[in-house]
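Visitor: Below is a structure I'd like to ask you about.
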Amino acid sequence: RRGLSSETSLRRHRARARLWVAVAALVTGTIWLWSSSSVVLFGTHRVQDFVVDELWKTADSNGWRASSAPRTYWPPPPTESESNGYLRVRCNGGLSQQRSAICNAVVAARIMNATLVLPELDANSFWHDESGFVDMYDVPHFIKTLKYDVRIVMSVPKITAHGKSKKLRAYKIEPPRDAPVTWYRTTALEKLRKYGAIYLTPFSHRLAEEIDDPELQRLRCRVNYHALQFKPNIMKTSSDIVNKLRSEGHFMSIHLRFELDMLAYAGNIPYFQNENCRCIDIFTPKEQEILLKYREENFANKTLVYKKRRLIGKCPLTPEEVGLIIRAMGFDNTTRIYLASGKLFGGERFMKPFKAMFPRLENNSMIGSGKLEEDNRGLARSAVDYMVCLLSDIFMPTYDGPSNFANNLMGHRLYYGFRTTITPNRKALAPIFMDMEEGRASGYEERIRQVMFNTHFGAPHKRIHPESFYTNSWPECFCQMKAGNQADRCPPDNVNDVLESQFQNKEDVEAEATNQTDSNSSMETGV
C-alpha cells in the first residue's frame, strides 16, 4: 500500500511538473505573441513595411460614397419676377474662409428666395492684392452648376426712376455671427423685400453651420465641391506640380502653420513673469517683440500661459516636431513632401531640423519661371497649394481652426473619396514634446506612434461638435448603395436629369404665359 501511495505521489508530482511546463510555455508564447504584435503595430521597421504602405491608399469607405444631390423634391430657383430681391455679400478672410462664405451666400439666397449677385472677395485686406471672384473662379461653371439651386447675376441691375437710369442701391446690413436660418427668413428677408436689394458685409461665419434641413447642407456641398472650380490657369499650374511630384511615386502634402499670425493668435509668446517658457529659448528677443506687437495690434488683450495653452493643444507644432511625428510613424527620408504654407516665422532656422530628416521637400516655387512668377498674387498661390494638397496621396495639417485652409481641405478630401489625412492630436502629443523639452526623451517614438495610430485617417465618421461641417459633411453629403436605412440610400443616378426636366418645364410654362400675354396685348392694341 505504501508502494502504491509512493507511485501515486510520483505521478501527481510529474503531472504538476508538466502543468507548470505547459503554463510556462503558454506564458512565454503569449509574451512572444504580444511582443511580435507590438512590433507589427509600433516597431519602426514593421510600421514602415505595413502601416505606412496602407496609408498611401484611400481610407476604407465602409460602403459610403459622396453624393450631394437632393433626396427630396427640390423646386427650381425663382425667376426674375418671382425673386424677393438681390443679395450681395462681401466675403472676407483667407481662401478657405471665403469659400465657406460663398457656400453660405448661396444657401442664404435659397432661404430668402433671392437672386444672388456674384459674391465679392475682400482679398486686398488679407492678401494685399485685388483679386476678385472672376480672377479666381470659373464663373460660367459656377452659374451653370447652380442653375437648379439659385438664380445668379453678375451685378445688381439698373432701375429707372424719374426718367433716369441708375443702379439699384443695396441696403447694408452686418449679419450676426453664426446667424440661424430664422434670421434670414425674418430680419434679412424683411429688409430685402423693402429695399429690393441687401448687402451683407462682412460675410464670414454669418450662417450657422449646423442646419436641421439636410437639403440645405447638401446645397453647401454642391457649391463647395462642384460649383467652386478655380480658373483654368490655376488648375493647369496645380496639375503640373502634381504630375511632377507623382512621376516619382507617392507624395505627401503638409500644411505647416508656423506663421506670424498663427503663432501670435495661439499664444506662442513669452511672458517673462512665467516660469521656464520654451518660447524664450526658440525665439530671439527681436522675434518675441514682433510676436507680442502683432498680438496687441490684432487680437484681444488676454494673458496666455504657454504651458496651459500647450497642454490643451492650442500651440502650433514646430517644423521639427512635425518631422519627429512623421519619422516616428515610419516614413523614411526618401518620402516626397510638398509643403504648403505662408512665410514661416523665423525662417530657415526652424526648417533645418525638418529638412535634415526629410530632404525631399518641395513647394509651389518648384515649377520654374513662366508660371506662378507671372502671377504673384497671394490668393492664387494659396489656390495652387489647395489643389495640390487636395490631390496628394496623404495630407497632414499641423493646425486646424474654424473654416481655415486645413479644415476645409480635410472635408474636401473626405468628399473626394476618403483620401488619407493624418491629423496630429496636439493635446495628446503635448506631454510627449514637453517631456522632451525637459530632457526626458526616452521612448518618445513609441509614445508618438501610439497617439498617431489611434485615428481614422480620413475614413467616414460621425461629426461631433466642435468639428465643422466644412471639415466633415458626413452623413448629409454621402450615401450608401445598399443601405438598410432609407435616409442613407443613394438617389437615382439621373437626379440631374430630373432637376433639369423640372427646370425646363417651368421655363416652358413661363415662356408660354409670356407669349400668351404678348398675344393678348397685341389684340387689344390692334397691332
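The values are calculated or read from the model by the stated rules, or taken from the named source; none is laboratory data. Treat the numbers as computed from the prediction; the structure is a model and nothing was measured. Virtual Cβ from ideal backbone geometry, glycine too; neighbours counted across all protein chains shown. Heavy atoms of the whole protein, side chains included, go into the accessibility calculation; ligands, DNA and RNA do not. Shrake-Rupley method; radii C 1.70, N 1.55, O 1.52, S 1.80 Å.
Visitor: Restrict the search to the stretch 78-180; then list the GluC sites (Glu not before Pro) that DSSP places in a loop and that have at most 15 other Cβ atoms within 10 Å of their Cβ.
Guide: Those satisfying the criteria are Glu80, Glu82, Glu130.
Visitor: On to the next question. Which length gain, in nm to one decimal place, applies between Val139 and Gln450 when the Cα-Cα distance is subtracted from 0.36 nm times their residue separation?
Guide: So the chain would gain 107.3 nm between Val139 and Gln450.
Visitor: Further question: Restricting everything to alpha-carbon atoms, can you work out Rg to Rh for the stretch 98-222 with a Kirkwood hydrodynamic radius?
Guide: 0.96
Visitor: Once each part is reduced to its C-alpha centroid, what is the distance from the stretch 157-199 to the stretch 438-478 in angstrom?
Guide: 43
Visitor: Lys164: which lysines have alpha carbons under 29 Å from its alpha carbon, excluding same-chain residues fewer than 8 sequence positions away?
Guide: Lys172, Lys191, Lys194
Visitor: Can you list the lysines whose alpha carbon sits under 26 Å from that of Lys482, skipping same-chain ones fewer than 8 residues off?
Guide: Lys57, Lys462
Visitor: Give the long-range amide H neighbours of Leu121: residues separated by 5 or more places, or on another chain, with amide H under 5 Å away, using H modelled in the peptide plane at 1.01 Å from N.
Guide: Those qualifying (amide H under 5 Å, at least 5 residues apart or on another chain) are Cys91, Phe133.
Visitor: Could you please put Glu438, Glu209, Glu190 in sequence from largest to smallest accessible area, using a 1.4 Å probe?
Guide: Descending order: Glu190, Glu438, Glu209.
Visitor: At a Cα cut-off below 25 Å, give the lysines reachable from Lys286, other chains included and same-chain residues fewer than 8 away excluded.
Guide: Within the straight-line limit of under 25 Å, Lys286 reaches these lysines: Lys302, Lys307, Lys308, Lys314, Lys343, Lys352, Lys355.
Visitor: Subtracting the Cα-Cα distance from 0.36 nm times the residue separation, let me have the gained length for Ala441 to Lys231 in nm, one decimal.
Guide: 70.8 nm
Visitor: Provide the gained length on full extension for the span Lys427 to His461, in nm with one decimal, where the gain is 0.36 nm per separating residue minus the Cα-Cα distance.
Guide: 10.2 nm
Visitor: Here is a follow-up. Given points 7 Å out from each Cα along the Cα-Cβ axis, report the Glu174 to Tyr416 separation in nanometres with one decimal.
Guide: With each label point 7 Å from Cα toward Cβ, the separation is 3.6 nm.
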